[in-house]
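Take a look at the structure set out below.
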């Protein structure tokens with residue numbers, strides 16, 4: 001339950017401000033056009049100012065959009081004893097649910113989600129006799145979002161002049177697709193669906209269906225609501241990206257607040273860097289931007305975050321590898 005002062009703050013900030021909306025539809029991306037430079041500047045401005053923006057993206061068709069949300073409902077309808085089979089060595093990458101601090105929240109994750117092997121492994125775990133439509137939808141959706149992620153990251157790398165550095169990261173990038181569900185809250189007051197946090201990923205892409213709930217903290221400490229739309233995807237920098245860019249791009253604090261009588265379904269698509277240390281590019285270090293982070297391991301950082309020290313820290317990435 002949220003206190004009334006907090007509630008008032010939420011309602012006052014609902015109408016404004018708004019996140020930048022940037023057209024990244026594949027048919028409109030022409031790197032040789034003058035409009036492309038403007039688009040790159042918009043992306044970089046949004047990431048440096050907010051750490052996130054809304055991308056309009058046509059890589060996910062309406063048919064695929066409907067299919068993946070239908071697949072999500074089928075998944076959450078499975079018995080709990082089946083869903084808890086979704087385990088992982090990495091905290092919060094497998095099944096999460098029935099947690100007292102976030103009683104409305106439930107989530108499952110497909111690791112290596114852009115590979116047929118990763119998606120089939122998860123599908124066989126949930127449906128031992130198979131579920132071809134689920135498998136097909138999850139793989140297509142993951143590949144489409146991986147393409148969107150790489151469009152954004154190529155813009156970032158090109159803008160900062162660190163393409164070679166990004167190429168090495170891309171070879172070690174792995175993708176996690178998380179299916180997220182929030183139960184309808186009791187009563188009329190706003191209830192916490194997911195507590196305020198920054199993502200531990202390199203980058204995140206969030207996609208919502210029709211039910212509101214996602215809120216992002218602005219630089220002046222207010223919460224802004226992000227309206228769902230079938231063709232819009234929220235691009236969000238994670239802690240690992242903030243460190244990699246030497247603090248130039250921030251990782252925004254966000255949360256989910258539930259109100260009303262509808263359940264909420266959404267997706268989180270997360271990129272992580274595996275099997276290599278993330279080095280801060282030398283081109284991003286100068287007199288105005290002294291080195292702020294040491295080289296670090298993305299997955300070891302996730303484990304650190306779930307220690308007592310990591311949970312207590314106001315900025316875990318700084319306490320983990322900050323200088």
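The values are calculated or read from the model by the stated rules, or taken from the named source; none is laboratory data. These numbers come from a predicted model, not from an experiment. All Cβ positions, even for glycine, are placed from backbone atoms using ideal geometry, and neighbour counts span all protein chains on display.
Okay, here's what the table says:
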item: Candidate set: the range 241-259, residues that are closer than 18 Å to residue 289 by Cα and touching a strand residue (DSSP E or B) at 6+ places or on another chain (Cβ under 6 Å); chosen: the one surrounded by the most Cβ atoms within 10 Å (Cβ to Cβ); result: 244
item: Restricting the range 268-323 to residues that are within 30 Å of residue 210 (Cα to Cα) and buried (at least 22 other Cβ atoms within 10 Å of the Cβ), the residue that is farthest from the chain's Cα centre (by Cα); result: 272
item: Wholly enclosed strands (runs of 3 or more DSSP E) of the range 197-298 bearing at least 1 residues over 25 Å from residue 310 (Cβ atoms); result: 203-208, 223-225, 232-237, 254-258, 264-273
item: Among (1) closer than 29 Å to residue 259 by Cβ; (2) modelled with pLDDT of 95 or more; (3) buried (at least 19 other Cβ atoms within 10 Å of the Cβ), the one test that residue 197 misses; result: (3)
item: In the range 190-210, the residues that are over 17 Å from residue 54 (Cβ atoms) and out of contact with any helix residue (DSSP H, G or I) (no Cβ under 7 Å at 6 or more places or on another chain); result: 191, 192, 193, 194, 195, 196, 197
